[in-house]
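Asks: Please find one structure pasted underneath; my questions will follow.
The values are calculated or read from the model by the stated rules, or taken from the named source; none is laboratory data. Nothing here was measured: the structure is a model prediction, and the numbers come from that model. All Cβ positions, glycine included, derive from the backbone under ideal geometry; neighbour counts span all protein chains shown. In case anyone asks, the SASA skips ligands and DNA or RNA and just uses the protein heavy atoms, side chains included. Shrake-Rupley method; radii C 1.70, N 1.55, O 1.52, S 1.80 Å.
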Amino acid sequence: MSISDSPSRLEAVSAPHQPDVTPALDDLYRGFEQELLIPLWTEIGDLMPVHPRSKAVPHLWSWDRLLRLAERAGELVPVGRGGERRAIALANPGLGGRPYATPTLWAAIQYLMPGEDAPEHRHSQHAFRFVIEGEGVWTVVGGDPVPMNRGDFLPQAGWNWHAHHNAASTPMAWLDGLDVPFQYVVDAQFYENGRDVISDAERITPERSRSELLWGHPGLRPLSVAPEPGGSPLLNYKWEFTNQALKDQLTLEKGGFGGTVEPGHAAIRYVNPATGGDVMSTIRAEFHRVVRGAETAPVLETGSSVYAVFDGSGTVTVGDTTWSVTRGDLFVVPSWQEFSVRSEAGSTDSDEGALDLFRFSDSPIFEALHLNRTEIGG
Ligand code: GTQ
Ligand code: FE2
């Protein structure tokens, strides 16, 4: 196709509210094209929509199918220098085949076989791990071995050295979240390889990391150390504390003392114990518990989220799409798409018989730039 026949020019010349096509007008558009100029009036609807129209679409990945493929990768694909991690990213079908769950967020299932090491490296990308199943892997962050068990949330701010090693006799899978797409689009990335093999002193398997011994006591901070700028100094938010916080909110609600965000919906945000703010500058993490039979109010928010179904089962609605979800499933909520969940009866570990959802989002970016907006839908 020649330049003069490009659809954008033909569309532009024949757009509504535009003068009739004349040789002079045609010549003007040809001039724009040759000088690499684009007039606003041909692009306004796409560039300045009345509300966000994300190219990302709502999508659900089933845990069973993901895990089966991760297991196959464990048998067939080695982990080591170069590839660095056996991590398999969720690729949102609206984002052109890129390994992006949303326009800003990377989400992946990472799989490590017994005895395997993922080599040390560091990068500007902020990252976390959330354990959906299993135990026996230690992530070594800045020389501090941190245990990973089901329900644990492990933030790891950018530019920290990290390696993972599986000290158990069984494979382990977990969820990774990073701000890879965001740092890609703003060209912020730096990356460096560390040692190929971690030392024996780092291969120990303590139940609590040094970071937890220092920072893991509610409301108390050590005077002996200054917190790291850039992210939370606490490297593991253990499940027992998250679970207890949610249980206590629901107990208060039952006693008529409130404490929940809405009836039957307890929720917490993971925060930096040194600041009370988000655990990382680009990623927010939360945990939601919706008791059996309860429903959340439909809400629209700027920014995108990825959810992991930690336990229970229910129905999730994102925009025009509704899914039945169950333990381990992962799904995406794009910017400004109405979102609600309903918790349903099902077999579950949590004593409330609730739908338990881990969520991460790019909200800190939106809040820092004053682009955050929330609306109750319905
Ligand atoms: O575990 O260090 O999913 O560097 C993507 C990039 C995990 C990691 C990912 C990473 C890692
Ligand atoms: Fe990494």
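Asks: Does residue 147 satisfy the condition of being in contact with a Phe, Trp or Tyr (Cβ under 6 Å, 6 or more places away or on another chain), over 27 Å from residue 103 (Cβ atoms), away from ligand 1 (no atom under 12 Å from the Cβ) and outside any loop (DSSP other than H, G, I, E, B)?
Replies: Working: in contact with a Phe, Trp or Tyr (Cβ under 6 Å, 6 or more places away or on another chain): yes; over 27 Å from residue 103 (Cβ atoms): yes; away from ligand 1 (no atom under 12 Å from the Cβ): yes; outside any loop (DSSP other than H, G, I, E, B): yes.
For residue 147, the condition - in contact with a Phe, Trp or Tyr (Cβ under 6 Å, 6 or more places away or on another chain), over 27 Å from residue 103 (Cβ atoms), away from ligand 1 (no atom under 12 Å from the Cβ) and outside any loop (DSSP other than H, G, I, E, B) - is met.
Asks: Related question: Scan the stretch 208-233 residue by residue and report those that are of a type in the set (D, E, K, R) and within 27 Å of the chain's Cα centre (by Cα). Even if it seems obvious, please write down each step before you answer.
Replies: We begin by selecting, within the stretch 208-233, every residue of a type in the set (D, E, K, R); these are 208, 210, 212, 221, 228.
Across the stretch 208-233, the qualifying residues are 208, 210, 212, 228.
Asks: Just one of (1) surrounded by fewer than 21 Cβ atoms within 10 Å (Cβ to Cβ); (2) out of contact with any helix residue (DSSP H, G or I) (no Cβ under 6 Å at 6 or more places or on another chain); (3) not in a helix (DSSP H, G or I) trips up residue 184, so point out which.
Replies: (3)
Asks: What is the number of the single condition among (1) modelled with pLDDT under 95; (2) open to solvent by 10 Å² or more (accessible area, probe 1.4 Å); (3) within 16 Å of ligand 1 (Cβ to nearest atom) that residue 203 does not meet?
Replies: Residue 203 satisfies every listed condition except (3).
Asks: Continuing with this model, one more query. Could you list, ordered by first residue, the pairs with Cβ atoms under 7 Å in which the first is in the stretch 310-339 and touching a residue at least 60 places away in the same chain (Cβ under 8 Å) and the second is part of a loop (DSSP other than H, G, I, E, B) and of a type in the set (Val, Ile, Thr), at least 6 apart or interchain?
Replies: If the second residue must be part of a loop (DSSP other than H, G, I, E, B) and of a type in the set (Val, Ile, Thr), the pairs left are 310/132; 328/132; 332/102; 334/57; 334/102; 335/302; 336/302.
Asks: Next up: Could you tell me whether residue 279 is aliphatic (A, V, I, L, M), touching a residue at least 12 places away in the same chain (Cβ under 8 Å) and open to solvent by less than 20 Å² (accessible area, probe 1.4 Å)? Working first, answer last.
Replies: On the way: aliphatic (A, V, I, L, M): yes; touching a residue at least 12 places away in the same chain (Cβ under 8 Å): yes; open to solvent by less than 20 Å² (accessible area, probe 1.4 Å): yes.
Spelling it out, residue 279 is indeed aliphatic (A, V, I, L, M), touching a residue at least 12 places away in the same chain (Cβ under 8 Å) and open to solvent by less than 20 Å² (accessible area, probe 1.4 Å).
Asks: How many residues are crowded, with 20+ Cβ neighbours inside 10 Å and outside any loop (DSSP other than H, G, I, E, B) if we restrict to the stretch 285-316?
Replies: 15
Asks: Right, here's the next one. Report whether or not residue 217 is at negative phi and in a strand (DSSP E or B).
Replies: On the way: at negative phi: yes; in a strand (DSSP E or B): no.
In short, no.
Asks: Mind listing whichever residues of the stretch 50-88 are in a strand (DSSP E or B) and away from ligand 1 (no atom under 15 Å from the Cβ)? Let's see the steps before the verdict.
Replies: Taking the stretch 50-88 as the starting set, the residues that turn out to be in a strand (DSSP E or B) are 59-61, 87-88.
Once the filter is applied, which keeps residues that are in a strand (DSSP E or B) and away from ligand 1 (no atom under 15 Å from the Cβ), the stretch 50-88 yields 59, 60.
Asks: Oh, and also: Give me the pairs, please: first residue somewhere in the stretch 110-125 and within 11 Å of ligand 2 (Cβ to nearest atom), second residue anywhere and at pLDDT below 95 and small (Gly, Ala, Ser), beta-carbon distance under 7 Å, and either six or more positions apart or on two chains.
Replies: Within 7 Å, the pairs are 119/80.
Asks: Just checking, which of 74, 83, 45 is at pLDDT below 95 and either surrounded by 12 or more Cβ atoms within 10 Å (Cβ to Cβ) or among the aliphatic types (A, V, I, L, M) (or both)? If you could, list the steps in order and put the result at the bottom.
Replies: Working: 74 fails: at pLDDT below 95; 45 fails: either surrounded by 12 or more Cβ atoms within 10 Å (Cβ to Cβ) or among the aliphatic types (A, V, I, L, M) (or both).
The conditions single out 83.
Asks: Which one is farthest from ligand 1 (Cβ to nearest atom), of the residues in the stretch 104-120 that are buried (at least 21 other Cβ atoms within 10 Å of the Cβ) and not in a strand (DSSP E or B)?
Replies: 104
Asks: Restricting to the stretch 126-167, count the residues that are out of contact with any Ser or Thr (no Cβ under 6 Å at 6 or more places or on another chain), small (Gly, Ala, Ser), open to solvent by 30 Å² or more (accessible area, probe 1.4 Å) and more than 16 Å from ligand 2 (Cβ to nearest atom).
Replies: 1
Asks: Which of (1) within 12 Å of ligand 1 (Cβ to nearest atom); (2) open to solvent by 10 Å² or more (accessible area, probe 1.4 Å); (3) part of a loop (DSSP other than H, G, I, E, B) does residue 91 not meet, given it meets every other one?
Replies: The one condition residue 91 does not meet is (1).
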